[in-house]
Every structure is written in C-alpha cells, then in structure tokens.
1. Mind checking which pairs have a first residue in the stretch 130-151 that is within 25 Å of Tyr81 (Cβ to Cβ) and a second that is basic (Lys, Arg), Cβ under 8 Å, 6 or more apart or different chains?
2. Can you tell me which residue within the stretch 86-105, out of those that are without any contact (Cβ under 8 Å) to a residue 40 or more places away in the chain and small (Gly, Ala, Ser), is surrounded by the fewest Cβ atoms within 10 Å (Cβ to Cβ)?
3. Which of the residues that make up the stretch 44-62 are surrounded by 15 or more Cβ atoms within 10 Å (Cβ to Cβ) and polar (S, T, N, Q)?
4. Only one of (1) assigned to a helix (DSSP H, G or I); (2) surrounded by 14 or more Cβ atoms within 10 Å (Cβ to Cβ); (3) out of contact with any helix residue (DSSP H, G or I) (no Cβ under 6 Å at 6 or more places or on another chain) fails for Trp140. Which number is that?
5. Filter the stretch 106-134 for residues that are open to solvent by less than 50 Å² (accessible area, probe 1.4 Å) and in a loop (DSSP other than H, G, I, E, B); which is farthest from Leu29 (Cα to Cα)?
6. Can we say Asn83 is free of Cβ contacts under 8 Å to residues at least 12 places away in the same chain and either surrounded by 13 or more Cβ atoms within 10 Å (Cβ to Cβ) or at positive phi (or both)?
Amino acid sequence: MKHLYIIFATVMCLTVSACRPDTKEAAALVERVYGAGAASQLRLRMDPSLGESSFEIGAFRGRPCVTGSDMSALTAGIGWYFNHYAHVNVSWNQMTTDLGDTVLPVPQGTERRDARQTMRYYLNYCTFSYSMAFWNWDRWAQEIDWMALHG
C-alpha cells in the first residue's frame, strides 16, 4: 500500500499546480528519458499566467524553450517538443532514447497549446487488474514519466 500511495502522490505532484514552481523535476525527467545532457540544451520555465494547462514552445538565447502553466503542462510541452520538433518519439514500450551528441533544433517561432479537456481519463480497470498488478517500482516510474510526457 505504501508504494501505491507514493505513485498517486507523484502523479498528483505532476498534475497539481500547487507543487513547487521550479523545473528540477522536469529537467530530471528529460535526463531519464532522453539521456544525459539533454536537459542542458533546453530552457524550462513555469509561468502560471499562461492559463490553465497550457504550454508554449519557442526559443530563448539560441536554445529551445518550453514554458508550462503548471508541471503537467510543462512536461506535456516537453513531450510535444521532442515529438514535433526534434522528431524523437517515445513509445509506451520504448521509454528511453539516448540522444548522445545530438543538437536539439531551435524553434523559429512560438507555438502555444492549451488543453481542451477539463477532465482526463487514462487506462481502464482491466489494465490495473491484469497488467499493473505485476509491475515493480521501475516499471511504475517509467509509466509516470510516460504519463507526464503525454499530458
């Protein structure tokens, strides 16, 4: 039961804007999923004035910049940037990609995305019963990262 509480507490921290407004956790996510050094190529920012569940992708001083209204929007913006700008897709069964010395592309303009749904649903009850019952912490951590990157 202790691990289940930790999982839900972690997911809540990713989705509730009342969490710490720094971007260390988002940078750690980038490092885990895209490889060592990937986060140093990005500028990650939090800006609650963007509105509810919104992110922007642009450039800042020659680097890609992802800004989110809250942690959930920021991590979704990171996933969007890597998928649509760097053309690196992280699938559900292949969660890590080591970019090595790849230089991340700098967006030429600014793109803004807003969540259209006020409520979001993920998985179904069968997944929890049949699949997730056998996961260890490493698999749960991977799932939480995947959820964060996909909003």
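1. Taking only residues 6 or more apart or on different chains, the pairs are Asp145/Arg32; Gly151/Arg120.
2. Going through the qualifying residues, I end up with Ser91.
3. Result: Ser53, Ser54.
4. (3)
5. The residue in question is Gly109.
6. Spelling it out, Asn83 is indeed free of Cβ contacts under 8 Å to residues at least 12 places away in the same chain and either surrounded by 13 or more Cβ atoms within 10 Å (Cβ to Cβ) or at positive phi (or both).
The values are calculated or read from the model by the stated rules, or taken from the named source; none is laboratory data. Just so it is clear, the structure is predicted and the values come from calculations on it, not from any experiment. Cβ sites come from the backbone with ideal geometry, for glycine too, and all protein chains shown count toward neighbours. Remember, those area values only see protein heavy atoms, side chains included, never the ligands or the DNA or RNA. Shrake-Rupley method; radii C 1.70, N 1.55, O 1.52, S 1.80 Å.
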